[in-house]
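Let me begin by presenting the structure, written as structure tokens, before commenting on it.
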Amino acid sequence: MKVIVKYCEEYNLEQVKSKIKESLDSLGGVSNLIKPNSKVFIKCNCVGPFSASYGITTHPIFVKAVIQIVKEVTNDITVGDNPAVKDLVLTLKKNGIYDVIVEEGVNILDNKDQMKIYNPSYKVYNVFDVSRGMIENDVLINLPKLKTHSLAYITCAEKNLFGFIYGLNKSAWHVKASNQLEFGEAINDLYGAILDSYKDKTIINICDGIIGLEGEGPSTGGKAKQANTILTSLDAVSLDRVAVEIMGLNYKKSFITNIASSRGYGEGDISKIEVLGDEIVNYHFLEPKDSLSNVGLRLTRVKLLKPMLLEHPVIDHDKCIKCGECTRICPPKTMVIEKGKYPHLNTKKCIRCWCCSEVCPQNAISKSKRPIIGRIVLK
Ligand code: SF4
Ligand code: SF4
């Protein structure tokens with residue numbers, strides 16, 4: 001599998017466009033990858049209504065560059081995502097993609113119309129309700145960000161496709177698959193279902209890593225990180241494997257990519273990936289705090305052990321504006337809020353999914369210290 005690495009240090013439309021075009025040329029060229037008049041869906045990362053400068057969402061200039069390239073072969077283009085809690089249009093307006101959609105005269109996804117997709121070779125879950133407009137296309141162009149993730153370790157091409165699931169329905173998956181390894185299996189079952197839906201069609205992954213996010217991603221808990229990189233591949237797993245190198249992280253901890261590779265959904269062995277373009281530079285991203293090794297991932301599958309082993313969310317009252325977003329998304333409803341008060345949680349029932357931190361607009365939710373037993377056992 002090929003991954004094209006391109007150095008690109010700023011969101012300059014012409015520069016970004018030429019780097020993406022060069023990358024697509026290395027994969028056969030736009031007109032070969034996308035047939036004339038094809039129906040194309042562009043999947044951004046719009047996790048929430050955050051300004052593009054935060055490094056959380058796909059940058060509007062990046063989206064504009066991709067739209068203009070695709071318009072060389074087709075005008076049937078739809079752009080969108082499934083934000084966690086907020087309305088899609090509001091989210092797109094906040095991060096600047098809405099203006100791009102209007103300027104370029106393309107469509108906004110109707111994300112509320114749902115359909116079922118199936119994974120014929122599933123391991124745990126075989127059926128998923130997803131937005132129809134994300135599936136019924138000839139070409140899927142996946143535009144992830146280069147980010148670390150408190151729960152998933154990294155979130156890049158494959159994890160970005162969790163956004164096929166509508167809004168708060170994503171929370172239900174955190175209850176069904178309530179530990180990291182089960183969540184990894186669920187993400188891969190979903191990925192297999194998406195691959196099956198796009199069988200005989202085209203999926204192109206183009207990662208916006210010009211400014212990425214390090215530390216407690218994927219949202220306001222992380223810090224924007226200049227990484228000057230665009231990654232392009234037809235294989236999300238290979239792209240994610242190279243992304244781990246660019247971020248300077250530990251591939252063994254990138255459990256979603258490891259599961260994908262072991263299932264044969266893509267290539268996780270870096271020696272078997274053909275890396276073209278510019279050289280891989282290690283940008284030394286900060287890991288999510290207390291990220292788990294393989295042994296830790298296995299131990300924390302035991303529900304009763306979690307409160308003893310793992311850190312829990314802590315609310316910073318100086319930052320919290322009592323908006324209640326964290327309580328709305330909390331899958332087991334263990335984070336609650338009373339009128340006029342700060343949210344509080346039952347740490348015993350908390351499944352450590354970090355959805356609350358993902359949607360907090362104020363970066364008011366951080367990790368507690370790891371309990372002493374956890375520090376000893378998971379060392
Ligand atoms: S409190 Fe936060 S980490 Fe705990 S279950 Fe709720 S959303 Fe997940
Ligand atoms: S912690 Fe964040 S999401 Fe929760 S109420 Fe406070 S500001 Fe809102």
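Odds and ends about this structure:
- Residue count for the stretch 328-340, restricted to those that are more than 7 Å from ligand 2 (Cβ to nearest atom) and free of Cβ contacts under 8 Å to residues at least 60 places away in the same chain: 7
- Scanning the stretch 309-333 for residues that are away from ligand 1 (no atom under 11 Å from the Cβ), under 19 Å from Ser150 (Cβ atoms) and surrounded by 14 or more Cβ atoms within 10 Å (Cβ to Cβ) returns Leu309, Lys319, Cys320.
- Selection within the stretch 334-345: residues that are surrounded by 15 or more Cβ atoms within 10 Å (Cβ to Cβ) and in a loop (DSSP other than H, G, I, E, B). The member of this set that is nearest to ligand 1 (Cβ to nearest atom) is Thr334.
- Among the residues making up the stretch 181-193, those that are within 15 Å of the chain's Cα centre (by Cα) and either at pLDDT below 95 or among the hydrophobic types (A, V, I, L, M, F, W, C) (or both) are Phe183, Ala186, Ile187, Leu190.
- Test: residue in the stretch 238-245 that is without any contact (Cβ under 8 Å) to a residue 24 or more places away in the chain and in the same structural domain as Lys176 (by TED's automatic domain parsing): no
- Tally of residues being within 16 Å of ligand 2 (Cβ to nearest atom), hydrophobic (A, V, I, L, M, F, W, C) and either assigned by TED's automatic domain parsing to the domain that holds Ala84 or more than 19 Å from Gly167 (Cα to Cα) (or both) across the stretch 350-379: 3
- Listed by first and then second residue, the pairs with beta-carbon distance under 7 Å, at least 6 apart or on different chains, first residue in the stretch 359-375 and without any contact (Cβ under 8 Å) to a residue 60 or more places away in the chain, second within 14 Å of ligand 2 (Cβ to nearest atom) and assigned to a loop (DSSP other than H, G, I, E, B), are Ala364/Asp316; Ala364/Lys319; Ala364/Cys320; Ser368/His312.
- Condition met for Asn179 (in the same structural domain as Gly221 (by TED's automatic domain parsing), out of contact with any strand residue (DSSP E or B) (no Cβ under 9 Å at 6 or more places or on another chain) and within 30 Å of Gly296 (Cα to Cα)): yes
- Some residue of the stretch 141-154 being among the aliphatic types (A, V, I, L, M), assigned by TED's automatic domain parsing to the domain that holds Cys44 and farther than 30 Å from Lys367 by Cα: yes
- Residue within the stretch 24-33 that is assigned to a helix (DSSP H, G or I), surrounded by fewer than 23 Cβ atoms within 10 Å (Cβ to Cβ) and among the small types (Gly, Ala, Ser) present: yes
- Residue among Ser271, Ser254 that alone is under 30 Å from Leu27 (Cβ atoms), among the hydroxyl-bearing types (Ser, Thr, Tyr) and either in contact (Cβ under 8 Å) with a residue 24 or more places away in the chain or not assigned by TED's automatic domain parsing to the domain that holds Asn188 (or both): Ser254
The values are calculated or read from the model by the stated rules, or taken from the named source; none is laboratory data. Being a predicted model, the structure only gives us computed values, none of them experimental. Every residue, glycine among them, receives a Cβ derived from its backbone with ideal geometry; neighbour counts consider all protein chains shown.
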